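Derivation of every value follows stated rules applied to the coordinates shown; laboratory data play no part. Nothing here was measured: the structure is a model prediction, and the numbers come from that model. Using ideal geometry, Cβ is built from the backbone for each residue, glycine included, and neighbour counts are taken over all protein chains shown.
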Amino acid sequence: MRFALLLLVLFSATAQAAAIERFKTFVRGTQAARADFEQKVYDRNGKLTQESKGSFVFQRPGLFRWVYAKPVDQVIVGDGERVWIHDTDLNQVTVRRIARVLGSTPAALLAGASDIQNAFDMKELGEKDGLEWLEAKPREKEAGFESMRLGLSTGGVEAMELVDHFGQTTRLRFSNVVRNPQIEPGTFRFSPPKGADVLGD
């Protein structure tokens, strides 16, 4: 879930700006976006343990839909009040109040507030692999991850790396990004399918 709610940074606008300024520009200027993604998960020894693909769309504040197409069919929807996670194979839905999920999490970069520096310690990491990198560490000790790194080109955010408390690293690459698109009504609504087990609050 954290990858999705993760997500979910995309573009900035100022080519000459440093990574933090580029990201601030993104927060100010992007109310919505959609993109495809490729995700790879590595264990603490650097071994690839999982690969997946999918797409996402978000609209600030607090609305998002993250769809894993391969290899697991899973949908994560934030409707502004709750976050719904539907595992199609198990026909199981987990729901949490969004206020309990956001906070100092990757989702806060997507769904909330423009005052992101209240929730994260942010610093420049310099250039690597043709991208400028920014690190965001949550101020909240109970956040579900240790740090997040964003790789920005002159066109915007192209990569994201999330390190959790178990030393596991999740790397995402974004493509086909559209900023501030028209979003169809109902995109951020979710109703549990008939017969699904619903867990949570």
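Past 29 Å, Cα to Cα: identify those pairs from Lys47/Lys70; Lys137/Lys194; Lys53/Lys128; Lys24/Lys47, in the order given. Mind showing how you got there, number by number?
Working: Lys47/Lys70 20 Å; Lys137/Lys194 40 Å; Lys53/Lys128 24 Å; Lys24/Lys47 33 Å.
Those over the limit are Lys137/Lys194; Lys24/Lys47.
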- Query: What is the extension gain from Thr88 to Asn45, computed as 0.36 nm multiplied by their sequence separation minus the C-alpha to C-alpha distance, in nm to one decimal?
  - Reply: 12.4 nm
- Message: Which residues among the range 31-72 fall inside the zone where the amide N is under 16 Å from a point 7 Å beyond the Cα of Phe166, along Cα→Cβ?
- Response: 40-51
- Give, as ranges by residue number, the residues of the range 46-88 whose backbone N falls under 14 Å from the point 7 Å along Cα→Cβ of Glu140. 62, 82-83
- Taking Lys and Arg as +1 and Asp and Glu as -1, residues besides Asn180 with C-beta under 11 Å from its C-beta add up to +3
- Item | Extension gain (nm, one decimal) between Ser55 and Glu184, 0.36 nm per residue minus Cα-Cα | 44.9 nm
